[in-house]
Amino acid sequence: MKVEITQKGVYDAEGKAIAVGEEISVEGDTMPGWLAGKAVEVKARKSRVAVTNPAKGAAQQPQE
């Protein structure tokens with residue numbers, strides 16, 4: 001599984017810090033405990049949709 005590091009405090013097997021934003025591969029289908037809260041699964045991240053607020057006074061477009 002590929003994960004993207006989102007928080008500081010993640011280190012590789014040699015003790016070197018892994019940069020925020022870097023993608024790494026881990027074994028298995030579940031998030032390892034040592035990455036909980038510090039990384040997101042890459043496929044989960046890419047399936048998200050940004051939500052934005054319209055400008056003030058903007059007319060809402062009818063949905064087709």
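Figure legend: label point modelled 7 angstrom from the Cα of residue 42 along Cα→Cβ; residues of the range 1-26 with amide N under 17 Å from it are 1-7, 18-26.
Pairs of lysines in the range 2-46 whose Cα atoms sit within less than 16 Å of one another amount to 6, provided the residues are eight or more positions apart or on different chains.
Since every read-out is calculated from the coordinates, none of them should be taken as a lab result. These numbers were taken from a predicted model, which means no experiment stands behind them. Note that each Cβ is placed from the backbone with ideal geometry, even for glycine, and that neighbours are counted across all protein chains shown.
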